[in-house]
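Presented below is the structure to which this report refers.
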Amino acid sequence: MEMVLPVGQIIVVPMHPTVGELKQAVENVLQDTYCITDEFVLMEIVELEEWLFRAVESGAELCVRGTGIGLENRMRYEGGANNWVVKC
């Protein structure tokens, strides 16, 4: 059974970033966007070797792994601590 991943985040980096710059950009976006990832530390860019020696096109998708996700944070749900329902 294949794992279904949630929709990712858009991260904009300058052309030809270093691996360190890419990792920092990912950490910054995740730390600034979600309450439960404010202490996220990127440990791995999945299949990084495939990306190192070829041009990465605009819109490319990367998968990352890391630590520091605060699953005990009471704000981990979309509605925060409340059980909100939005009807459009």
Item to complete: Sort out which residues of segment 34-48 are outside any loop (DSSP other than H, G, I, E, B) and modelled with pLDDT under 80, and write them in order of number.
Response: CYS35, ILE36
Fill in: Any hit, segment 60-76, residues being surrounded by 11 or more Cβ atoms within 10 Å (Cβ to Cβ), within 12 Å of ILE11 (Cβ to Cβ), modelled with pLDDT of 80 or more and under 18 Å from the mean Cα position of the chain (by Cα)
yes
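The values are calculated or read from the model by the stated rules, or taken from the named source; none is laboratory data. Note that the structure is a prediction, hence the values are computed from the model and not measured. Heads up, the Cβs are rebuilt from the backbone with ideal geometry, glycines too, and the neighbour counts pull from every protein chain shown.
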